Amino acid sequence: MKSFLIKIGRCFLYKMIERNLADCKSVLDVGCGSDSPLGKMKLSLHKEGVDVFEPAILESKKKGLHNKYRIIDILDIDKVYSEKSFDAVVALEVIEHFEKQKAIELIKKMESIAKKRVLISTPNGFLAQEILKNNPYEVHKSGWCEDELKDIGYKCYGIRGLKFIRGEKGRIKYKPWIFWGILAAISELLIFFYPKKSFGIFAVKHL
């Protein structure tokens, strides 16, 4: 039951990503990490992953999640990739790892590289997180809300259910887990178009 509910919780995000990449032939996965959602989808397109943390890239390579990889500081993507060189650029659970101004700079660079659209997912508001798996880049440094992303041209959707149910790493905070897990899954239907109340935000910008 637990694994089933986790799959439901991811379903909305995956469907939104697939829908927005359906007409794309290439995607740049910025801050791809070791277990990118792109690797779990049936996407007939060229996927390139970039990340600064080499162990994450090596793990992703073993899983064969992308067609090509680069180990770089993702704030330098504009030095490596030319303008409009990918149909889409995605940053899934990435911008919260930067101070606001740095994250905005990154988003602008992503928009310059993308031909069609940019996809972003991030927690709704600040969510504390420290170093994970010996990766110092996992620390959260900022929080984002719907209005901030709307102000820079993004359409926002709510994901992962009601915000108060989940805590660090998106884990259910309350017991019994099954009850709250079911509530989180059901509430995802309710908050999809009301991201102010959601745990996570999925944002899309068409270029």
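What the table shows:
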item	result
Top-ranked residue in region 68-92 [being under 18 Å from the mean Cα position of the chain (by Cα) and among the acidic types (Asp, Glu); ranked as farthest from Asp29 (Cα to Cα)]	Asp73
Given (1) crowded, with 16+ Cβ neighbours inside 10 Å; (2) more than 26 Å from Glu105 (Cβ to Cβ); (3) in contact with a Phe, Trp or Tyr (Cβ under 8 Å, 6 or more places away or on another chain); (4) not aliphatic (A, V, I, L, M), number of the condition Glu48 does not satisfy	(2)
Residues located in region 93-127, provided they are within 17 Å of Ile17 (Cα to Cα), charged (D, E, K, R) and over 12 Å from the mean Cα position of the chain (by Cα)	Glu111, Lys115, Lys116, Arg117
Hits in region 148-202 (condition: part of a helix (DSSP H, G or I), of a type outside the set (A, V, I, L, M, F, W, C) and open to solvent by 70 Å² or more (accessible area, probe 1.4 Å))	Lys150, Asp151, Lys163, Glu168, Lys169, Lys196, Lys197
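Okay, residues lined up against (1) more than 18 Å from Ala203 (Cβ to Cβ); (2) surrounded by fewer than 15 Cβ atoms within 10 Å (Cβ to Cβ); (3) in contact with a strand residue (DSSP E or B) (Cβ under 6 Å, 6 or more places away or on another chain); (4) modelled with pLDDT of 95 or more:
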residue: Leu5; (1), (2), (3), (4): yes, no, no, no
residue: Ile8; (1), (2), (3), (4): yes, no, no, no
residue: Leu21; (1), (2), (3), (4): no, no, yes, yes
residue: Gly39; (1), (2), (3), (4): yes, no, no, no
residue: Ile72; (1), (2), (3), (4): yes, no, yes, yes
residue: Lys109; (1), (2), (3), (4): no, no, no, yes
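The values are calculated or read from the model by the stated rules, or taken from the named source; none is laboratory data. Only a predicted model underlies this, so the values are computations on that prediction, with no experimental measurement involved. FYI the Cβ positions are ideal-geometry reconstructions off the backbone, even for glycines, and counts take in every protein chain you see. What goes into the accessible areas is simple: the full protein's heavy atoms, side chains included, and nothing from ligands, DNA or RNA. Shrake-Rupley method; radii C 1.70, N 1.55, O 1.52, S 1.80 Å.
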